[in-house]
1. Would you mind stating whether Arg299 is of a type in the set (Lys, Arg) and under 30 Å from Pro45 (Cα atoms)?
2. Restricting to the stretch 271-288, count the residues that are at pLDDT 95 or above and surrounded by fewer than 19 Cβ atoms within 10 Å (Cβ to Cβ).
3. State yes or no: is Tyr129 crowded, with 18+ Cβ neighbours inside 10 Å and not in a helix (DSSP H, G or I)?
4. Suppose we keep only residues that are acidic (Asp, Glu) and not in a helix (DSSP H, G or I) within the stretch 1-51. Which one would you say is most open to solvent (accessible area, probe 1.4 Å)?
5. Checking the conditions here, which among Pro203, Pro208 is at pLDDT 95 or above and more than 30 Å from Ala386 (Cα to Cα)?
6. List every residue pair whose Cβ atoms sit under 7 Å apart, with the two residues 6 or more apart in sequence or on different chains, where the first one lies in the stretch 64-86 and is in contact (Cβ under 8 Å) with a residue 60 or more places away in the chain and the second, anywhere, is open to solvent by 80 Å² or more (accessible area, probe 1.4 Å).
7. Test Asp361 against the stated conditions and say whether it is free of Cβ contacts under 8 Å to residues at least 40 places away in the same chain, acidic (Asp, Glu) and open to solvent by 10 Å² or more (accessible area, probe 1.4 Å).
8. Within the stretch 181-194, can one find any residue that is open to solvent by less than 30 Å² (accessible area, probe 1.4 Å) and in a strand (DSSP E or B)?
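The values are calculated or read from the model by the stated rules, or taken from the named source; none is laboratory data. The structure presented is a predicted model; accordingly, all values stated were derived computationally and were not measured. Note that we place each Cβ from the backbone using ideal geometry, even for glycine, and neighbour counts take in every protein chain shown. Protein only, heavy atoms only, side chains kept; ligands, DNA and RNA dropped before computing areas. Shrake-Rupley method; radii C 1.70, N 1.55, O 1.52, S 1.80 Å.
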Amino acid sequence: MHILLFNQYYPPDTSATAKMAAIVAEALAKRHDVTVLAGRPSYDPDEYYPYRLLRRDVRNEVTVERVGSTAYPRHRMRRRVANYLSYLALAVPRAIAHRPDVVLAMTDPPIAGIAAAFVSRIVRRPLIYNIRDLYPDMAVGGSIVQPSKWVERWERMHRHTLRQATRVIVLGDDMRDRIIAKGIAPERIAIVRDGATPSATLPDRSDPVVQEIRCGFPFVAIHAGNLGFYGAWGSLLKAAELLGKENAGLVFVGDGANRAAVESSAAGLANVRFLPFRPIEQVPHVMMAGDVHIVTVKRGLEGVVVPSKLYAILAAGRPLLVVAPKECDAARIAVERGCGVAADPADPAAIAKAVESLRDDPARLAEMGRRAREAAGKYARVNELARFCSILEEAAPAA
């Protein structure tokens, strides 16, 4: 088959979606012809491309076409929207010109699925919809937009897209429940988790880079990744304040649209540090630096966003502190698999108590780490990718 993957971000964009788009595309390319239709790199890329109306490259057997969208830094919403709209304006006609056998859509920009559904109708080919973040639920729940008539219209168009899709692929049980609640038949929804590849041996705790990331704290809870709109940042900072005299530090490694606001709120907290993203070769050092690693989803966004970093933490054999509602996939996995603890994202005291309990029980922490690696085996990326490919092939047999 000729599969067209419709997603604005693709490496050298550094978003989690870009990385997963590349992983999926390269897996599919082993058996099919795959074209990715992306925009000019704009998500904190490690390489910038000069303007071209259309740029075509081949990366690991995947044909990557980039339309000449704007490539403004994404930290200002108006400029981000300009990137979105210019991408869609150029990508939709280009996608129609391809006339692929299957249209595979992800969720960058937030209306990518709706645009891909339009393409699918025009070329009369099946649509497979892989939801990475659920919109407009994410935009409303993250206070990016306020409820309004146009958001209601967005939701109606999105539900139409869900009904049109031959299969809807989601990241977890909580997201599946959200889609079912929108009136989509359960048998048309498939769960494929991001998974992870088991990590190589982690560096020693005494490694200088590990110690640098630990910032001198005796016990460290690390949040590594995007500081976006979905996390319970206020509760985490309040918990850090409660832990101020408990020899426990909270270290954020990464960036994101909310970093400036979170960092400003943390002013005066001596046990909170903010570090930039580390080079890819230092990811094992980040994993080793945390006595416990934080995954957070604020209440109301369970099933709307599913943090993919959960699986990297499991693969590294590190204990989890999930600051999320109990219905959240990450919280359920941590508790059921015994590889971490969960705390209410609206209860700073519960978060602080969870950190204290882990700090005071090294044997329990070690056992959680062992169980984390066991859990990672259940969600091995190679198995999840094979399932993704199988679902796509079964859903589009006529192609």
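1. Values: of a type in the set (Lys, Arg): yes; under 30 Å from Pro45 (Cα atoms): no.
No, not satisfied.
2. 2
3. Answer is yes for this residue.
4. Asp46
5. Working: Pro203 fails: at pLDDT 95 or above.
None of the others qualify; the one that does is Pro208.
6. Going by the 7 Å Cβ cut-off, the qualifying pairs are Asn83/Tyr72.
7. The answer is yes for Asp361.
8. Taking every residue of the stretch 181-194 in turn, at least one turns out to be open to solvent by less than 30 Å² (accessible area, probe 1.4 Å) and in a strand (DSSP E or B).
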